[in-house]
Amino acid sequence: MAYNEFDNDTSKILLGSVNMMLNAVGLEDIETEEDFELVLEARMARTDLIQAKKEILSSGWDVNTDDGYVLTPDSSDSIALPINILDVSSSDNDLVARNHYLYSKSKQSIRFDSVQTVNIKWDMEFNTLPFALRNYITMKAIQRFRDVTIGADSVAHSFTEADTRDAYMEARRSEASTSGASMLSPTFDMNRV
């Protein structure tokens with residue numbers, strides 16, 4: 001079967017990243033999602049990849065951040081937060097996540113009598129992320145997986161560290177081009193670019 005560059009089967013994206021991680025430590029590719037159940041190292045790689053994704057997304061990227069998101073209290077006057085929220089905050093720093101509910105620090109309560117406006121950092125499926133961000137996450141996961149699996153050999157570690165740094169810079173460049181950030185913008189944040 002010939003390789004189709006424009007294959008839209010996104011389920012293969014995570015599998016490709018896991019295979020990159022396995023190859024980085026000298027292991028063979030897996031062919032299907034079912035192989036995760038058969039190959040311990042593949043399960044470990046997938047777990048490391050998902051953990052790296054959550055850590056990286058928790059820093060907030062244009063693709064997973066909603067500022068000014070409105071949440072409405074339910075019939076018990078509380079606001080249950082979806083499980084895929086990595087972080088929630090408010091502009092006055094009063095609202096936070098506590099036990100999967102929106103919590104007001106000043107009122108010391110999860111009860112609200114009106115809608116609340118918050119800033120949310122969402123966890124997202126790996127396969128739905130832009131290429132530059134997936135690549136950075138994969139490089140970060142490879143670095144950790146290699147260090148844990150075969151040890152932090154200084155040559156291999158520095159090689160992977162350089163790849164990770166390059167991937168990070170490319171992801172931030174991509175972020176800047178989609179978010180409209182520029183050094184002249186009043187909302188420009190050097191730590192985010």
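In terms of accessible area, using a 1.4 Å probe and ignoring ligands and nucleic acids, 113, 67 rank largest first as 113, 67. Its relative contact order, with pairs defined as Cα atoms under 8 Å and 6+ residues apart, puts segment 19-159 at 28 percent. Applying 1/(1 + (r/R0)^6) with r as the Cβ-Cβ distance of residue 50 and residue 94 and R0 = 30 angstrom yields a FRET efficiency of 0.45.
For residue 114, what charge total do you get from the other residues with a beta carbon under 14 Å from its beta carbon, if Lys and Arg give +1 and Asp and Glu give -1? Mind dumping the intermediate values first?
Working: positive: 107, 111; negative: 74, 77, 94, 113.
So the environment of residue 114 carries a net charge of -2.
Skip the ligands, DNA and RNA, and give the accessible area per residue of segment 61-130 with a 1.4 Å probe, whole Å².
Result: 58 Å² of accessible area for each residue.
Run the accessible area of segment 8-154 with a 1.4 Å probe and give the carbon-and-sulfur part as a rounded percent. Carbon and sulfur together cover 48 percent of it. Exceedance of the 22 Å cut-off in Cα-Cα distance is limited, within the set 54/121; 54/140; 53/105; 12/54, to 53/105.
The values are calculated or read from the model by the stated rules, or taken from the named source; none is laboratory data. No experiment lies behind these values; they were computed from the predicted model shown. Cβ: placed from backbone, ideal geometry, glycine included. Neighbour counts: every protein chain shown. Ligands, DNA and RNA are excluded from the accessible area calculation, which covers all protein heavy atoms including side chains. Shrake-Rupley method; radii C 1.70, N 1.55, O 1.52, S 1.80 Å.
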